[in-house]
Every structure is written in structure tokens, then in C-alpha cells.
Amino acid sequence: LMLVQDVAYNGALRDKRRSLHRRALEVIEGRYSGREDEVIENLAHHAQYAEQWQKAFGLLERAGNKAVERSAYSEAIRHFESALSVSANLPQDNAIIRRTIDLRLGLRAAFGPMGELVRMYDHLAAAEKDAEALDDPDALAAVKTAQTFVFTLNGDLEDAVEAGYRAVKIAAGSSSPDLKATA
């Protein structure tokens with residue numbers, strides 16, 4: 001049965017597969033209206049393969065957050081990184097770029113326990129670039145604060161101190177007391 005299913009699925013045209021995923025998404029949304037979190041992973045999967053990019057982006061983000069709450073870090077990483085991939089299909093306006101920064105910052109919760117410091121740093125470097133491009137000091141301060149922790153965990157204390165000082169300097173101009181305290 002699985003072999004027949006695989007052959008049928010892989011043989012289907014891309015448009016047909018997209019249509020099947022769109023229909024599956026609609027059915028699941030209908031059945032779980034108001035209880036989407038119960039099946040968020042399935043919704044995210046079908047939205048992604050239905051190429052409903054905006055919906056997939058939000059659902060993958062939610063699925064990643066749900067996985068972090070369950071300490072399912074590998075799953076969280078997969079969902080967050082899929083959301084980042086999906087974001088490439090969206091208009092790159094300030095709102096989407098800001099959300100990708102938040103996603104990259106959110107990856108810390110999954111990468112840290114997995115000991116994935118290099119991958120975490122790579123995502124933070126991308127978030128730093130985006131925050132600078134947006135000229136968003138609050139986002140940049142949050143990224144520099146996160147980098148401080150990554151450098152510290154990696155034993156790069158000079159870089160940690162430099163990132164920390166930069167975070168404090170940037171956060172000093174913020175209206176967010178939480179950001180100031182964290183930095």
C-alpha cells in the first residue's frame with residue numbers, strides 16, 4: 001500500500017500535488033476549527049506544500065514554538081528553518097524581515113540545548129545583518145545580547161564582552177525596559 005501511495009504521489013504533477021495539499025489543509029482547518037494547535041504540524045506541512053506561503057510561514061512558526069514548549073528541539077529547529085525557507089517566497093517587506101529576525105532569535109531556545117552553537121551563531125549573524133538593514137536598534141540590541149550568550153557558551157569571552165557592550169550601548173536608547181535589562 002505504501003509503495004502504491006508513494007508511486008502515485010511522486011507521479012502526480014506538481015499542480016495536482018499542490019491542489020491535494022490545499023484540499024487537505026482546508027479539510028483539516030474545517031475539522032479542527034478553534035483547535036488548530038492540536039494539528040498545527042499537519043496544517044503547516046500542507047500549507048507549505050500547497051505553496052500558501054503566508055499561511056505556511058505563520059503555521060511553521062507556531063509549530064516551532066509548540067515544539068520548543070515540549071522540549072522537542074530537533075523538531076523545533078526543523079519547523080523554524082522551514083519557516084525561514086518559506087519566507088523567501090514572501091514579499092521582503094519590513095514586517096517579514098522583522099519576523100525572520102524573531103524566528104532566528106527564537107532558534108536559540110532549540111539550538112542551545114542541542115549544543116548547536118555554530119548554527120546558532122550563523123542564524124544570529126543573519127539576524128544582525130537584517131536588523132542593520134532595517135535600521136532597527138531594538139532588534140540589533142536583541143541580536144547582540146543573544147550573540148553575547150553564544151560567545152560566552154563557546155568560550156569566546158573577548159567577543160562576548162564586545163557584543164555585550166554593544167548591546168548595552170544600543171539598548172540604552174530603547175524605550176523597552178525589558179530590552180535594557182536583558183542587555
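Values in this text are rule-based calculations from the coordinates and carry no lab data. Keep in mind it's a predicted model, so treat the numbers as computed, not measured. Reconstructed Cβ throughout: ideal geometry from the backbone, glycine too, with neighbour counts over all protein chains shown.
Taking 0.36 nm per residue of separation and subtracting the Cα-Cα distance, full extension of the segment from Asp138 to Glu38 would add 32.6 nm.
Extension gain, Glu162-Ser175: 0.36 nm per intervening residue step, less the Cα-Cα distance, totals 2.4 nm.
Dimensions of the range 83-133 from C-alpha coordinates, computed as largest minus smallest value along each principal axis and given longest first, are 33, 21, 13 Å. What you get for the chain, charging only the Cβ of Lys and Arg (+1) and of Asp and Glu (-1), is a dipole of about 600 debye around the Cα centre.
Per-residue Karplus couplings for the range 172-179, computed as 6.51 cos²θ - 1.76 cosθ + 1.60 with θ equal to phi - 60°, are listed in order as 4, x, 7, 8, 8, x, 5, 5 Hz, Gly and Pro entered as x.
Could you compute the FRET efficiency for Thr182 and Arg17, with r as their C-beta to C-beta distance and R0 at 45 Å, rounded to 0.05? E(calc), rounded to 0.05, equals 0.55. Taking the Cα atoms of the chain, the ratio Rg/Rh between the radius of gyration and the Kirkwood radius comes to 1.07. Taking the longest Cα principal axis of the chain as reference, the axis of helix 53-69 is set at about 70 degrees. The charge dipole of the range 34-122, taken about its Cα centre with unit charges on the Cβ atoms of Lys, Arg (+1), Asp and Glu (-1) only, comes to about 140 debye.
Remark: C-alpha extents of the range 129-183 on the principal axes read 31, 24, 13 Å, sorted largest to smallest.
With contacts taken as Cα pairs under 8 Å and at least 6 residues apart, the chain reaches a relative contact order of 12 percent. In the chain, the longest principal axis of the Cα atoms and the axis of helix 137-153 are about 80 degrees apart.
Taking the Cβ of Arg78 as the center, what net charge do the other residues with Cβ under 13 Å away carry, scoring Lys and Arg +1 and Asp and Glu -1? Display every interim value, and only then the final one.
Details: positive: Lys66, Arg119; negative: Glu41, Glu61, Glu75, Glu81, Glu116.
After counting each charged neighbour, the total is -3.
Placing unit charges on the Cβ atoms of the charged side chains and taking the dipole of the range 115-183 about its Cα centre, the candidate lying farthest along the positive direction among Leu179, Ala141, Met120 is Leu179.
To the nearest ten degrees, helix 157-171 and the longest principal axis of the Cα atoms of the chain are 90 degrees apart.
Here's the list of aspartates and glutamates a cross-link from Lys180 could span, going by alpha-carbon distance under 13 Å and ignoring same-chain residues fewer than 8 apart: Asp138. Only alpha carbons enter this Debye calculation for the range 22-63, each as an equal point scatterer, and the log10 of I(q)/I(0) it gives at q = 0.15, 0.32 Å⁻¹ is -0.26, -1.16.
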